[in-house]
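To start, the structure under review is shown below, and the notes come after it.
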Amino acid sequence: MASIRDVAERAQVAVSTVSAALNGTRPVAAGTRRRVEQAAAELGYRPSPLARGLQGGRTRILALLFPAPRGGFGLTQMQFVTGAAETARELGHHLLLSAEHADPIEELRHLTGLGLVDGVLLMEVGLADERVEFLLDAGIPFSMIGRTRDPGRVDHADIDFAATAREAVAHVAGLGHRKLAFFELPADRHAAGYGPAVRAGAEFAGAARAAGIGYVAGFRPGSPEEGGQAFERLVAAHPDVTALAVMGHRAAVGVLAAVAARGWRIPGDLTLLLVSSSSRVAEMFHPRLTTLEPPSAELGGLAVRMLIDRLDGDGPPARKLLPCRLVVGDSSAPPRRRKEAGA
């Protein structure tokens, strides 16, 4: 039995174009449509009755694609997903979750080629994201939770890292700290061009400079062990640092262990902030960490609304940046003179 891929090869078009031509999910040039229909007839291919019989060519199914993070899909990421799912349901749509594997483009070809998805939401977006180019070339409606380096006319909802960094710096400076260190996301996330990994460090550096306080960067731990090692290197090179912001709760686990091993206390000897993590994650630490909590559910919901609006008609690109919310925990305090362990 012939498949949709067989039809695409014979008609010399993309799988998504075959789906659109036969199921009416989006406009296709008349010549291309005739070529696809002829190829389908020659091969004896029949599209899914479900896809073809849907009223108005719409399935009301949206696909949310996310590459599984190295450390697993945690609570903060799940809040993006649940926000998107709840908004989709409120608006009469279904949300299909699809975890990407080795080849995200092949995953997209397969998913969109089935003809049962109206549009796609992208998560974990890179500054130069190949999925964006594929979807633009294929003419498939989509929106992003995140954004590329230059999103152009693509609808997106993302964290405002500039505002987030300003609030974090204002918090520690307001407590009287004069030197802040920042542990960024792991090196592999930077190498992959992951948007938050690149933007957060640049924005924290700029916010510290504008506030006139010292700033230390260059640490990118990705595990508890690496977090502890980075903290030891930080203290050895910059003993006057009294505040530390960590992007990634796994690295923060290692920092807390290294602080305790020195005989220090938080917040007495170090103010510690968790950046871009859920306050529910911060509550699992002892002491409860001050956190910059992303508006995860809201951003997920916004991206869904943007995509549905795009499916309903043309218009200017929708863009929304929301800052993280400062949730003050038990890890923030004014700096005080430290007593070294063993002194």
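The values are calculated or read from the model by the stated rules, or taken from the named source; none is laboratory data. Remember, predicted model here, so these are calculated numbers, not experimental data. Ideal geometry is used to build each Cβ from the backbone, glycine not excepted, and the neighbour counts take in all protein chains shown. The protein model used for the area step is the full one, side chains on, heavy atoms only, and it has no ligands, DNA or RNA in it. Shrake-Rupley method; radii C 1.70, N 1.55, O 1.52, S 1.80 Å.
Couple of notes before you dig in:
- The residue of segment 167-199 that is most open to solvent (accessible area, probe 1.4 Å), among those that are closer than 19 Å to residue 250 by Cβ, under 22 Å from the mean Cα position of the chain (by Cα) and at pLDDT 95 or above, is 184.
- Some residue of segment 195-203 being touching a Lys or Arg at 6+ places or on another chain (Cβ under 7 Å), within 22 Å of residue 127 (Cβ to Cβ) and not in a loop (DSSP other than H, G, I, E, B): yes
- Scanning segment 260-304 for residues that are within 24 Å of residue 204 (Cα to Cα) and β-branched (Val, Ile, Thr) yields 266, 271, 275, 281, 290, 291.
- Pairs are defined by a Cβ separation below 7 Å, a sequence spacing of at least 6 or placement on different chains, a first member in segment 167-179 that is closer than 11 Å to residue 243 by Cα and among the β-branched types (Val, Ile, Thr), and a second member that is open to solvent by 40 Å² or more (accessible area, probe 1.4 Å) and assigned to a helix (DSSP H, G or I); the pairs so defined are 169/211.
- In segment 1-22, the residues that are on the phi > 0 side of the Ramachandran plot form Cβ pairs under 9 Å with partners that are open to solvent by less than 10 Å² (accessible area, probe 1.4 Å) and assigned to a helix (DSSP H, G or I), at six or more places apart or across chains, as follows: 12/39.
- Hey, residue 212 at pLDDT 95 or above, on the phi > 0 side of the Ramachandran plot and over 22 Å from the mean Cα position of the chain (by Cα) or not: yes
- Scanning segment 106-126 for residues that are over 16 Å from residue 60 (Cβ atoms) and open to solvent by 20 Å² or more (accessible area, probe 1.4 Å) yields 106, 107, 109, 110, 124.
- Unique match (being closer than 13 Å to residue 141 by Cα, surrounded by 23 or more Cβ atoms within 10 Å (Cβ to Cβ) and not hydroxyl-bearing (Ser, Thr, Tyr)) among 307, 299, 311: 307
- Residue that is surrounded by the fewest Cβ atoms within 10 Å (Cβ to Cβ), among those in segment 204-218 that are touching a Phe, Trp or Tyr at 6+ places or on another chain (Cβ under 8 Å) and under 24 Å from residue 254 (Cα atoms): 217
- Condition check for residue 235: in a helix (DSSP H, G or I), within 30 Å of residue 132 (Cα to Cα) and in contact (Cβ under 8 Å) with a residue 24 or more places away in the chain: no
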